[in-house]
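Reviewing the structure listed below.
The values are calculated or read from the model by the stated rules, or taken from the named source; none is laboratory data. Note that the coordinates shown come from a computational prediction; the quantities given were computed from them, not determined experimentally. Quick reminder, even Gly has a Cβ in these numbers, built from the backbone with ideal geometry, and neighbours come from all protein chains shown.
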Amino acid sequence: MRRDDSDEAYPALTVNIGSSGLLLKLMGACPFEIGDRVVCEVALPDCPNEALTKWGVGHVVRVDETRTAIELRSGIFVSDGDSLFDLPADSNTSNSC
């Protein structure tokens, strides 16, 4: 995941996933604040090199030392082999899903 206005990505493990959001455990201290607009990409354990859905824009709704809860607002699907993290930080990723 990364802030929508930054190219710096932070790896995280999915603790819980639902129809409208994610609870993520970051590999280090949480750099996010409530209200931050973020971009997330979810990879399945069986297919670590392929994203499940290339979720676009979400908002941080809860944080603690290493966990972040994201409310997903919109998403995009990217062609095989592409990554959301390859998109420029200021690109428009707010296609409704």
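Brief remarks follow.
- Of all residues in region 25-46, those satisfying the criterion of being in a strand (DSSP E or B), under 14 Å from Arg3 (Cβ atoms) and either more than 11 Å from the chain's Cα centre (by Cα) or modelled with pLDDT of 90 or more (or both) are Leu26, Arg37, Val38.
- Listed by first and then second residue, the pairs linking a residue in region 37-62 that is more than 11 Å from Ser74 (Cα to Cα) to a residue that is at pLDDT below 70 and acidic (Asp, Glu), with Cβ atoms under 8 Å apart and 6 or more places separating them unless they lie on different chains, are Ala43/Glu50; Leu44/Glu50; Glu50/Asp80.
- Scanning region 4-24 for residues being assigned to a strand (DSSP E or B) and touching a residue at least 40 places away in the same chain (Cβ under 8 Å) gives a total of 7.
- Criterion: in contact with a strand residue (DSSP E or B) (Cβ under 6 Å, 6 or more places away or on another chain), of a type outside the set (A, V, I, L, M, F, W, C), modelled with pLDDT of 65 or more and loosely packed, with under 13 Cβ neighbours inside 10 Å - qualifying residue of Asn16, Asn49: Asn16
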